[in-house]
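Since the structure comes first, as structure tokens, the remarks are kept for the end.
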Amino acid sequence: MKYDIKDKSLRKSGKDRILWALERMPVLELVRKDFSEKKPLKGITIGACLHVTTETAALAITLKSAGANVAVCASNPLSTQDDTAASLVFDYGIPVFAVKGENNKKYYQHIYSVLGFNPQITLDDGADLISTIHKQFYSGKFPKSRLPWASTEETTTGVIRLKALEKSGKLLYPIIAVNDAYTKHLFDNRYGTGQSTLDGILRATNKLIAGTVFLTCGYGWCSRGIAQKARGLGANVIVAEVDPLKALEAVMDGFLVMPIKDAVKRADIIVTATGDINVIRREHFPLMKDKVVIANSGHFNVEIETEALQEISRSVKEVKPLVKQFVLKNNKRVYLLAEGRLVNLSCAEGHPAEVMDMSFANQALSCRFIAEKAAKLSRKVYKVPDFIDQRVAKLKLASLGVRIDNLTRRQKEYLHSWQAGT
Ligand code: ADE
């Protein structure tokens, strides 16, 4: 979608919605207060390739309050909230390069625009910015002097790509895997993806979930969240999973587990969130029920083989915003949401602010960690330091008004002793 960035109503909507998010991110607010006083990122340029949402706006504002120069581009062509982008630019003075619905060429032009700021720290979600730098560097187009000090990575898919890069010996600078912090993936991936995926399906289709057969492909943290929320709305949930351990967990969590080929024959709604390619593919479509709804919540639009769906269809048309109807040669109708891109960010607003609060507090504190320690880090993928993870958990509990016990001295001694029972 093209829009007039100076459109006042767009900007106002963005400003109001950013405020809504800011008010629901108390941990990030505490970090921001501390950063505003101490300016730990003073003069540092940060390039962020993230979903351009109100929660990302809250993070960008926090980094700016720490003294950083921040430039933002999208980490997916369909996830940008245009009103948020407009307000970030005009109300907060943060350059944003992103338009909802941009094509691939524009998407990468926007990544190059952020690289034009010569960021010393980068923030990535899916590793497109980092991989662009690596491709450029290895083809001789990116000088060593411009390499960032380090980067953070927000998502499971990005961390997997970066670990592969590390293994190949080609990783050019250190990475902090924000996704691997407990206060990130246990909450954001499970509760955030779970709720926002259902939200995306509901906003796009307004379909009654109760009584449907709902197939979740994968049983990682994101997909188990989706399965849990679908069950909560009254669906009969089937899980398809290739990892025997995770499949066993799904069985004991009370889900029906079976191969995709069998499950697609029964499903009314199918969601992929595996991180892999061609999960729902050519041979599966003709087996599906009439009016099946298919969506993806994994980072990339590779999980559903949309080209094959197009090829085997008699007709294709958009019947509602972001809902494409494919009529197959057997006359059955298949509804694909958001072109197979992240349904939670394309059809809804992504994860709620309350959960992004923890993810983005980890991001902000990891940026400060990089600013302080970059020279001591190697070209590796690091976990978020435990002290950051623990601090985020403590602050979140405090913000929720939840108090917990402390161990007594005797209890601590007992836990450190090998003489059980004494
Ligand atoms: N990833 C998932 N939900 C998100 C959100 N609301 N903002 C930024 N990144 C996200």
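The values are calculated or read from the model by the stated rules, or taken from the named source; none is laboratory data. In this text, all values refer to a predicted model and were calculated from it rather than measured experimentally. Here Cβ is always computed from backbone atoms with ideal geometry, including for glycine, and neighbour counts include all displayed protein chains.
Worth a mention:
- Complete set of residues in the stretch 363-383 that are among the aliphatic types (A, V, I, L, M) and within 14 Å of the ligand (Cβ to nearest atom): ALA364
- When LEU407 is tested against (1) away from the ligand (no atom under 16 Å from the Cβ); (2) aliphatic (A, V, I, L, M); (3) buried (at least 24 other Cβ atoms within 10 Å of the Cβ); (4) closer than 27 Å to TYR182 by Cα, exactly one condition is not met: (3).
- Test for THR212: is it hydroxyl-bearing (Ser, Thr, Tyr), surrounded by 15 or more Cβ atoms within 10 Å (Cβ to Cβ) and more than 20 Å from the chain's Cα centre (by Cα): yes
- Residue in the stretch 314-326 that is within 16 Å of the chain's Cα centre (by Cα), at positive phi, surrounded by 19 or more Cβ atoms within 10 Å (Cβ to Cβ) and of a type outside the set (Asp, Glu) present: no
- Tabulated pairs, the stretch 188-211, first under 15 Å from ALA348 (Cα atoms) and small (Gly, Ala, Ser), second modelled with pLDDT of 95 or more and within 10 Å of the ligand (Cβ to nearest atom), C-beta under 6 angstrom, 6+ apart or interchain: GLY192/HIS351; GLY192/VAL355; SER196/ASN344; SER196/ALA348; SER196/GLY350; SER196/HIS351; GLY200/ASN344; GLY200/ALA348
- Residue match in the stretch 139-155 (condition: within 14 Å of the ligand (Cβ to nearest atom), buried (at least 23 other Cβ atoms within 10 Å of the Cβ) and under 30 Å from GLY234 (Cβ atoms)): yes
- Looking across the stretch 156-176, the residues that are within 16 Å of the ligand (Cβ to nearest atom) and either under 30 Å from LYS324 (Cα atoms) or touching a Lys or Arg at 6+ places or on another chain (Cβ under 6 Å) (or both) come down to THR156, THR157, GLY158.
- Residue count, the stretch 283-307 (criterion: in contact with an Asp or Glu (Cβ under 9 Å, 6 or more places away or on another chain), assigned to a helix (DSSP H, G or I) and more than 19 Å from ARG266 (Cβ to Cβ)): 1
- Qualifying residue in the stretch 75-84 (condition: within 20 Å of the chain's Cα centre (by Cα), among the hydrophobic types (A, V, I, L, M, F, W, C) and within 22 Å of GLU153 (Cβ to Cβ)): yes
- Selection within the stretch 46-74 - within 16 Å of the ligand (Cβ to nearest atom), without any contact (Cβ under 8 Å) to a residue 60 or more places away in the chain and either within 23 Å of THR132 (Cβ to Cβ) or surrounded by 24 or more Cβ atoms within 10 Å (Cβ to Cβ) (or both): VAL52, ALA57, ALA60, VAL70, VAL72, CYS73, ALA74
- Strands (runs of 3 or more DSSP E) completely within the stretch 310-362 that count 2 or more residues being within 18 Å of ASN296 (Cβ to Cβ), of a type outside the set (A, V, I, L, M, F, W, C) and more than 13 Å from the ligand (Cβ to nearest atom): 313-320, 323-328
- Lone unmet requirement of (1) of a type in the set (Asp, Glu); (2) under 26 Å from the mean Cα position of the chain (by Cα); (3) under 30 Å from LYS329 (Cβ atoms) for GLU249: (3)
- Within the stretch 190-236, if we keep just the residues that are of a type in the set (S, T, N, Q) and within 16 Å of the ligand (Cβ to nearest atom), the residue that is nearest to VAL323 (Cα to Cα) turns out to be THR197.
- Sole exception among (1) within 16 Å of the ligand (Cβ to nearest atom); (2) out of contact with any Asp or Glu (no Cβ under 9 Å at 6 or more places or on another chain); (3) under 21 Å from GLY192 (Cβ atoms) for LEU30, by number: (1)
- The combined condition, being basic (Lys, Arg) and in a loop (DSSP other than H, G, I, E, B), is not fulfilled by LYS261.
- Whenever a residue of the stretch 358-379 is basic (Lys, Arg), its partners that are not in a helix (DSSP H, G or I), lying with C-beta atoms within less than 8 angstrom and at least six residues away or across chains, give the pairs ARG368/PRO40; ARG368/LEU41; ARG368/ALA66; ARG379/LEU171; ARG379/LEU172; ARG379/TYR173; ARG379/PRO174.
- Single condition ASN179 does not satisfy, out of (1) in contact with a strand residue (DSSP E or B) (Cβ under 9 Å, 6 or more places away or on another chain); (2) in contact (Cβ under 8 Å) with a residue 60 or more places away in the chain: (2)
- When the stretch 75-89 is limited to residues that are surrounded by fewer than 24 Cβ atoms within 10 Å (Cβ to Cβ) and among the hydrophobic types (A, V, I, L, M, F, W, C), the one that is farthest from the ligand (Cβ to nearest atom) turns out to be VAL89.
- So GLY43, is it within 18 Å of ALA150 (Cβ to Cβ), more than 16 Å from the ligand (Cβ to nearest atom) and surrounded by fewer than 22 Cβ atoms within 10 Å (Cβ to Cβ): yes
- In the set (1) under 23 Å from LEU123 (Cβ atoms); (2) crowded, with 20+ Cβ neighbours inside 10 Å, the condition left unmet by TYR182 is number (2).
- Some residue of the stretch 99-109 being away from the ligand (no atom under 16 Å from the Cβ) and crowded, with 24+ Cβ neighbours inside 10 Å: no
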